[in-house]
Amino acid sequence: MKSFVAALLVCLFSSIVFPLCPLFAEKGDADGFGILADRTVTLPPGDAERGKDLTVRVAVIGPGTELYFWWGHIGLQIEDAATGENKMYDWGAFSFDAENFYLNFAMGRLRYTCTVSSAERVFRYMTQLNRSITLYTLDLPPETKDAIRKFAEWNVRPGNKDYWYHHFKDNCATRVRDIIGAATGGEFKQQFGTELSNYTLRQHIRRYMYFNPFFDWLLNFWMGRDIDRPITVWQEMFLPDRIGFCLENSNIPLVTKVEVLYEAKGRPPILDAPPRAGLWELGTALVLCVILIIFRKKRIFIGVTQSVLGLFFGFVGLILFILSFFTNHDYTYHNMNLLYVNPLFLALVPLGIMQAIGGAKALLARKIEKWFWLYVLVAGLIVQLLNLIPALYQANYPTALLVLPLALCLFFLNGLQKPHLSAILKA
């Protein structure tokens, strides 16, 4: 009991107060890993004569098949009529072969690289991958175009090309956004840095994940309340397609031409608004509840089902616990889900097996399971009440709609057969 209470207090501390300092945290840029931290780009002086031969385009590339490509990609295309060069500068490169890549990825300290390559080759490759390509030709003075070229070349040098990646704060899109901001003397940021976005960070990323309900739920389960705060349009430009939208809708003339180089075929479209949340989760929970009620007298089925639920929710809760305490994934911090979906669920694995085997221990296991599900139910309801406090609000109701009906159902099912005291003593 003491261990249970201690674990619960740790989860409470992580979800409401503040996570422990990550044990393996490493600082990258001067502003660290804080969500929505800002960075300033200063372009070098440009040569107007040199810039007359340059065409600068923003290349927005649509989502890909792999999970890490779902949110699209972006780069700067610089075409030089004097030299015939047509280069693509890309701030979104990484390598699976990099030293400790998977460990660094898991710990949230992934290094991304700025690369330069042939634009034609990049476009040809993206077309083969069936990824949309839209080009925005920028309307900039010649000296600014040359300044962008110099800055991009500086970025691909060995000592400058690597940076600490952050999904929301510092990625391939924010790097291009910041260059556009500098190229306009701050006017691009001035307009969109004060204009509020219609959606939060969480709602924006859901516009891309709706076609896969499981990953939509899972990734949102792991992300905490910090991504539910209001943001500006400038901050939503961590997404490549939002940069394209803002370029076309800026108060200052920034684009002379928009060219759709390739339109992806058969891919789920990017939604203009986030989909309705919670329906899939509630439907799944209700179907499982109906099945459990139908087979309520099947001891083995009920026991095995609870073991499976304990293994699943315990595993995803354990990952959330690790993300909150031991990594630099700061967008998972302050996660209220830890209050009722956490590693304590793993206790259901042996308890469910004991129930399935039968005997006096099965009765004891059933009693413990009953009170565990009551804890999940009460804690989950408390979390929803805490969401009424603006400072604690987290859009986690899909998880509540998935877990709480199951908790209520299994609380009553485990209470249908009360264990006799003599049987418990024999156990």
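Derivation of every value follows stated rules applied to the coordinates shown; laboratory data play no part. Remember, predicted model here, so these are calculated numbers, not experimental data. A quick note on method: Cβ atoms are made from the backbone with ideal geometry, for glycine too, and the neighbour counts reach across all protein chains shown.
Approximating the spin labels as points 7 Å out from Cα along Cα→Cβ, the Leu381-to-Tyr393 distance works out to 2.4 nm. Evaluated with a Cβ-only charge set (Lys, Arg +1; Asp, Glu -1), region 150-279 carries a dipole of roughly 220 debye about its Cα centre, given to the nearest 20. Note on the chain: Rg/Rh from C-alpha atoms, Kirkwood Rh, equals 1.08. Each principal axis of the Cα atoms in region 299-425 has its own extent, and those three values, largest first, are 49, 28, 24 angstrom. Relative to the longest principal axis of the Cα atoms of the chain, the long axis of helix 119-128 lies at roughly 40 degrees. With everything on Cα atoms, drop me the angle between helix 397-415 and the longest principal axis of the chain, reported from 0 to 90° to the nearest 10. So the inclination is approximately 10 degrees. With the dipole of the chain worked out from charges on the C-beta (+1 for Lys and Arg, -1 for Asp and Glu) around the Cα centre, which of Thr55, Ala362, Gly185 lies farthest toward the positive end? Looking along the dipole axis, the top candidate is Ala362. Counting only C-alpha contacts under 8 Å and six or more residues apart, can you give the relative contact order of region 275-421 as a whole percent? This gives 32 percent for region 275-421. Pairs exceeding 18 Å between alpha-carbon atoms, taken from Lys87/Lys189; Lys298/Lys367; Lys87/Lys265; Lys150/Lys257: Lys87/Lys189; Lys87/Lys265; Lys150/Lys257. Each label point was placed 7 Å from the Cα along the Cα-to-Cβ direction; for Ser117 and Val308 their separation is 4.3 nm. Site pair Ser250 and Leu67 shows an inter-label distance of 3.5 nm when each label is modelled 7 Å from Cα along Cα→Cβ. Sort out for me the Cα centre separation of region 283-339 from region 77-109, rounded to whole Å. Cα centroid of region 283-339 versus Cα centroid of region 77-109: 38 Å apart. In this Cβ point-charge picture (+1 for Lys and Arg, -1 for Asp and Glu), region 314-427 has a dipole of about 580 debye about its Cα centre.
Take the Cβ atoms of Thr42 and Lys265, set R0 to 45 Å, and the FRET efficiency comes out at 0.60. Projecting the Cα positions of Gly303, Thr144, Thr194 onto the charge dipole of the chain (unit charges on Cβ atoms of Lys, Arg, Asp and Glu, taken about the Cα centre) puts Gly303 furthest along the positive direction.
Taking the Cα centre of the chain as the origin, how large is its charge dipole in debye, to the nearest 20, when only Lys and Arg (+1) and Asp and Glu (-1) carry charge on their Cβ atoms? Before the final figure, lay out each step's value.
Values: 41 positive and 36 negative charges, 535 e Å.
That gives the chain a dipole magnitude of about 2560 debye.
Relative to the longest principal axis of the Cα atoms of the chain, the long axis of helix 348-357 lies at roughly 40 degrees.
Farthest towards the positive end of the charge dipole of the chain, among the residues Tyr89, Val122, Leu338, is the Cα of Leu338, using unit charges on the Cβ of Lys, Arg, Asp and Glu.
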